[in-house]
Amino acid sequence: MQSEQADWRVVLREVGMKRTEIVFLVVLLLVVVLLVVMTANLDLFFPTPGPVEFAKAAINRTGAA
Amino acid sequence: MKVLVSARKALSVLVENPLAVVASACVDAVALVAFGFLSQPVYDKLVEHIIIISTLVSEQLRMARGQSILSALSSPEVAGFARQLAWLLALLLLVAAVIVVVSQGVNWAIARSSLMQKVRIIEELMRVARMAVVWSVIVALVYVIGLLADLRLVVISKVAPAQAGTGLVDVVQGVEIVLLFVALVHLAAGSILAGTAWIFQHKAQFLGAGVLVTSVFALVSLLLQAAAGLSQPLMVPAGLLVFLPAVMWTRVFYVGLVSNGVHS
């Protein structure tokens, strides 16, 4: 286990990246994936009434029916 | 004087590094397209919510005269939509922040490297990300104030059209322009503290740079309008050829102006 960690450190050093930089890149990638999924399924996360439902609710509120 | 020297130097750097200009323009173009793709559905949903909220609020104001807009906004019927609106704004802000971090990180690194400054893209990305955290709060505040000003204008023009004035909306737009120049200095300086200190120490240069950049973009806008007048399809290539290099010039200009020891 310890030797595996040491191997990773060597790889990071050779690439020239610090651990915080790798973590930053991974978090950035995860946020991008999350955003793409969320924006593609907005109706699931933010439901709104359709025009007919909204008109019916307005009639119920104002008592215009 | 230093403003003009930096402006001329930035122009010559652009002429000497056409590859950097092309790379920067490509990154900006991809960022704009990505922002359009990711933000359009969120923006549509946002508009949907604003229409629902403004309809409900003006309905309530008509029914109970003398009620304030804020109390109408906090009524149980509206509150649910207002909460969703706040989450949508947060999502839009996150989309903008991520695209800004990636595109501006790369592009400010290109601007610095074309001025022979030593730079690593990952470090620049992290620097922009750190600034984006603070700037997201500022942008969110200004955006919400702007949204409330717009909402107020819509509601007043529905209830009492004669009293509707664009004063508050204009003030918010003015503040947004000043904040844009402050953000440019922060990005050029590489940190919010250093950028803010530079603005306080070089007020005349900050003002001069603002006037110069505004003039350049007014000229770019005139050119694009002239291109659109000649032929509508000509506007897209003209935009790519004129607007994006002007954006790159602005970055190089601010890096040169703000960084000590580059021009002096």
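Structure data summary
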| quantity | calculated |
| --- | --- |
| Within the range B:138-149, considering residues that are in contact (Cβ under 8 Å) with a residue 40 or more places away in the chain and of a type outside the set (Val, Ile, Thr), the one nearest to residue B:58 (Cα to Cα) | B:147 |
| Any hit, the range B:44-64, residues being away from every other protein chain (no Cβ under 11 Å), out of contact with any strand residue (DSSP E or B) (no Cβ under 6 Å at 6 or more places or on another chain) and outside any helix (DSSP H, G or I) | yes |
| Residue that is farthest from the other protein chains (Cβ to nearest Cβ), among those in the range B:65-76 that are outside any helix (DSSP H, G or I) and of a type in the set (Ser, Thr, Tyr) | B:68 |
| Every residue from the range B:201-239 that is of a type in the set (Ser, Thr, Tyr) and either in contact (Cβ under 8 Å) with a residue 12 or more places away in the chain or surrounded by 10 or more Cβ atoms within 10 Å (Cβ to Cβ) (or both) | B:214, B:215, B:221 |
| Exclusive hit being of a type in the set (Val, Ile, Thr) and at pLDDT 90 or above, set B:155, B:144, B:134 | B:134 |
| Subset of the range B:84-96 (residues that are closer than 11 Å to residue A:35 by Cα and small (Gly, Ala, Ser)) | B:96 |
| Residue match in the range B:97-106 (condition: away from chain A (no Cβ under 11 Å), buried (at least 18 other Cβ atoms within 10 Å of the Cβ), at pLDDT below 90 and assigned to a helix (DSSP H, G or I)) | no |
| Residue in the range B:77-89 that is without any contact (Cβ under 8 Å) to a residue 60 or more places away in the chain, of a type in the set (Phe, Trp, Tyr) and either in a loop (DSSP other than H, G, I, E, B) or on the phi < 0 side of the Ramachandran plot (or both) present | yes |
| Qualifying position, being free of Cβ contacts under 8 Å to residues at least 60 places away in the same chain and of a type in the set (A, V, I, L, M), among B:15, B:30 | B:15 |
| Odd one out for residue A:65, checked against (1) modelled with pLDDT of 75 or more; (2) over 30 Å from residue B:46 (Cβ atoms) | (1) |
| Criterion: closer than 28 Å to residue B:92 by Cα, within 17 Å of the chain's Cα centre (by Cα) and among the small types (Gly, Ala, Ser) - qualifying residue of B:210, B:190, B:167 | B:210 |
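The values are calculated or read from the model by the stated rules, or taken from the named source; none is laboratory data. Not measured: the values here are computed from a predicted model. Please note: Cβ atoms are built from the backbone with ideal geometry, for glycine as well, and neighbour counts cover all protein chains shown.
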